[in-house]
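The values are calculated or read from the model by the stated rules, or taken from the named source; none is laboratory data. As the structure is a computational prediction, the values presented were derived from the model and not from experiment. In this analysis, Cβ positions are derived from the backbone assuming ideal geometry, glycine residues included, and neighbour counts consider all displayed protein chains. In case anyone asks, the SASA skips ligands and DNA or RNA and just uses the protein heavy atoms, side chains included. Shrake-Rupley method; radii C 1.70, N 1.55, O 1.52, S 1.80 Å.
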Amino acid sequence: MKKDKTHHKNHGFPPFSPVQGKFINTCLRLVIVLNLLLAAAPSTQAQTPFVTGTRPGSVQSSLPSDRWQELILNADGSINWGQYSFVAQNYNRSDIQDYRMGPRYNYYHSTPASFPTVAQIGSNGWDPYPYDYYANNPKRVDWHQKSGQMLYQPEASTDPGMARARIGTVSCLASAPTVISDMRIMWTPDRANYFNENPDLATQHSPWISASGGKLPKPPIAVARAKYMTSLTGAVIYPNGLVGFTGNGNDPNTWKVDNNDYGTWRIEPYYPFVKLPSGKIPTAVAMTLNHEFILVTVWDVVNRKGQLGVIAVQAHLTSSDHFSTFTASNMPFFWSMPNYGRVNRLKLLGFIDLPFAAPTSIEATADLGMTQGRTDPSATMSPDFGSQWERDRWRNGTGGYYRRTSRAGYAVIASRSEDKVAFVDLQPLYQYVRDMMFTTSSNHYATKNQGMLDSQWPHTFSHAPQQRPVVRTVLSVPAPTAVACGFGRDGAFFFDRPSDFDGELFRVSAYVASMDGTVRMYNAASLNRAGSKTAPYLVKTVNVGKNPTHIAYGLQGGREANRLTITCRGDRAVYQVTTGGSVAKVLRDSRLVDPVSSEVGHQWRGCGGIATVSVMDYNGKQAVNYVTQKFVGYNHQDMGFRFGAATQVPGKPFLLSIAEVL
């Protein structure tokens with residue numbers, strides 16, 4: 001049969017001539033080419049991202065919450081560079097924020113389940129009852145508090161989206177009830193909490209604003225503190241490449257006004273910062289274990305690759321008197337050494353390339369965990385490194401607890417969209433600092449030439465490439481959403497409880513959570529000790545809720561420093577997992593609408609206290625505190641999860657980072 005060469009129905013238009021058809025085909029091809037070019041070009045407009053990839057649905061928060069997918073992938077799984085650039089340059093925008101945090105509850109559950117209402121402890125956010133800080137009756141004789149930065153997507157256009165918030169206050173009283181716990185997450189100052197405020201004053205710091213072209217982006221992308229050292233300062237990252245420090249309370253990285261305990265006095269705030277090169281968009285941040293370096297993952301939209309940036313921190317050493325350290329002008333600053341207090345300057349050392357383009361999460365650890373030494377008279381504030389004897393004591397670790405530095409460590413970095421996890425060896429970085437500071441007099445002399453030039457201390461990677469961290473292992477892991485890496489006990493806790501710390505297991509373990517709710521536990525022992533390295537290997541897996549968006553742990557959690565508190569957005573649940581990879585308990589509460597992250601806190605003085613999990617409820621627009629343990633003196637009682645208080649947020653909270661207010 002001959003093929004029918006007649007035209008199809010043309011709705012009344014005459015048939016095209018061959019010349020017209022050829023012309024139209026040419027035009028159509030030009031249109032297709034132009035569309036492809038536009039899709040590949042970086043976008044600078046605040047437009048709605050189109051949806052590509054293999055997962056069904058849409059990321060837009062204006063669409064139903066049961067729809068979501070990766071934005072930066074083509075149908076074949078490759079990176080769509082136009083979308084890559086768009087997402088990076090709008091990384092802190094509300095709809096991109098929602099995309100970054102992955103699927104919500106309705107994505108996994110077409111029919112909502114019935115959630116219990118968790119029992120409350122105390123009343124109106126207090127246990128056993130409200131206390132008037134101004135009346136001060138019975139008299140407060142001691143107190144404990146943890147405070148830091150709460151990030152949120154603000155409702156008001158003038159709101160910078162970063163508050164300096166506390167997770168509550170424990171007060172010891174001169175007479176019964178002797179201990180009262182304020183469980184409210186708050187950012188309004190009062191007599192007992194003069195240093196909390198919204199917005200965090202760092203957002204009004206004129207050098208930050210000037211470096212941002214007159215307007216600071218809002219909100220920040222992330223904030224991080226060291227998981228071991230009492231990290232008073234939090235490292236904050238912005239999509240314009242600004243990386244800065246702000247404080248939490250009694251520290252000179254906070255505008256401090258104290259009218260109660262020590263008289264009225266002020267310290268001018270320090271908000272040191274660096275600015276990353278143009279085109280390098282920060283996406284995640286971590287502090288090394290003893291506050292020596294800031295580690296920042298970036299999407300390089302110019303060179304189309306992922307990188308790890310390393311920023312050195314200059315600060316006072318751990319010290320025995322935190323007030324004299326903060327105020328004395330003669331106390332020296334040291335680069336890349338264990339510290340917790342006054343941060344003076346930052347310096348970008350350089351970048352290393354990562355084996356993927358789109359890193360989304362990072363954590364770091366080291367072989368040494370150092371505590372602040374403010375109550376220890378043996379702490380060293382100003383050692384004489386010009387002395388070979390002193391340098392030898394530091395290098396060999398023979399000068400006591402505070403004359404030590406890290407020799408090894410690693411960072412674990414994930415790319416959710418690329419299904420990859422990298423283990424990065426930090427030993428070259430630590431070793432170079434030790435070689436320069438603690439070996440020969442000529443090396444030490446070179447560290448006295450300090451400044452921002454490549455050849456000045458601390459040296460940049462271009463001047464001393466041997467210090468660059470090294471990617472040791474790359475693993476294929478389905479949609480890794482959050483990471484964690486353990487550390488050793490090192491005598492750091494307020495309680496002497498080595499049995500609670502599971503021996504050395506936490507020191508050698510790393511954890512990677514995937515979107516499907518699988519948490520993989522790896523042995524990374526060789527990366528966390530000096531010497532030759534072997535690849536981390538899988539030890540076990542444990543199942544938690546769907547879309548685990550965040551893992552909280554660290555010394556600020558006290559007794560539960562080594563327990564992983566995993567927030568699972570896809571199941572509206574918070575899981576606590578032991579060091580060994582077993583589920584200890586699960587929080588499900590009808591009060592929580594959209595939990596996306598948590599922070600662990602431990603507030604105790606000799607009279608007693610509480611341990612808490614503070615949940616950031618994104619679409620619920622609230623910060624919710626739960627009590628997990630209660631202390632009477634040195635005795636503690638496990639509370640499971642008990643509701644403490646919920647505070648409305650002027651926007652959608654997504655991250656909280658705290659440390660003890662000293």
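Under the Karplus relation 6.51 cos²θ - 1.76 cosθ + 1.60, θ = phi - 60°, what is the ordered set of whole-Hz ³J(HN,Hα) values for region 518-532, x standing for Gly and Pro?
8, 10, 9, 10, 10, 8, 10, 4, 5, 6, 10, 8, 5, x, 5
Using 0.36 nm times the number of residues separating Ser441 and Ser94, minus their current alpha carbon distance, what extension gain do you get? Could the numbers behind the result be given before it?
On the way: separation 347, 0.36 × 347 = 124.92 nm, distance 5.32 nm.
Net length gain for the segment: 119.6 nm.
What whole-number value in Å² describes the accessible area per residue of region 116-221 for a 1.4 Å probe?
On the way: 4110 Å² over 106 residues.
Counting only protein heavy atoms, the per-residue value for region 116-221 is 39 Å².
When the accessible area of region 513-662 is split by element with a 1.4 Å probe, what percent falls to carbon and sulfur?
Values: 1930 of 4090 Å².
Of all accessible area on region 513-662, carbon and sulfur atoms account for 47 percent.
Going by a ≥ b ≥ c, the root eigenvalues of the Cα gyration tensor, does region 77-222 fall in the rounded group (a/c under 1.5), the prolate group (a/b larger than b/c) or the oblate group? Working shown, then result.
Values: a/c = 3.79, a/b = 1.55, b/c = 2.45.
The shape class here is oblate.
Let's test the formula: R0 of 35 Å, r as the Cβ-Cβ distance of Val583 and Ile79. What FRET efficiency results, to the nearest 0.05? Before the final figure, lay out each step's value.
Numbers: r = 35 Å, r/R0 = 1.01.
With a Förster radius of 35 Å, E is 0.50.
Any chance you could look up the accessible area of Lys139 with a 1.4 Å probe, heavy atoms only, rounded to 10 Å²?
About 130 Å², rounded to the nearest 10.
What is the packing order of peptides 511-518, 212-219, taking the mean over residues of other C-beta atoms within 10 Å and listing the highest first?
Numbers: 511-518: 22.5, 212-219: 16.8.
Final packing ranking: 511-518, 212-219.
Of the heavy-atom accessible surface of region 400-477 (probe 1.4 angstrom), what whole percent is carbon and sulfur?
Details: 1470 of 2930 Å².
Result for region 400-477: 50 percent of the exposed heavy-atom area is carbon or sulfur.
Each residue of region 71-85 in turn: what ³J(HN,Hα) in whole Hz from Karplus with 6.51, -1.76, 1.60 and θ = phi - 60°, glycine and Pro shown as x?
8, 9, 10, 7, 4, 8, x, 7, 6, 8, 5, x, 5, 4, 5
Please tell me the relative contact order of region 352-460 in percent, rounded to the nearest whole number, where contacts are Cα pairs under 8 Å and at least six residues apart.
Numbers: 147 pairs, mean separation 29.6, N = 109.
After rounding, I find 27 percent.
Taking the Cα centre of each part, how many Å lie between region 565-606 and region 140-184?
The two parts, judged by their Cα centres, are 19 Å apart.
Note down the nm distance, to one decimal, between modelled labels 7 Å out along Cα→Cβ at Ser210 and at Asn303.
The two pseudo-label positions are separated by 3.0 nm.
How large is ³J(HN,Hα) for each residue in region 86-99, as worked out from phi by the Karplus curve 6.51 cos²θ - 1.76 cosθ + 1.60 (θ = phi - 60°), to whole Hz, x for Gly and Pro?
4, 4, 4, 6, 10, 4, 9, 6, 4, 6, 5, 4, 4, 4
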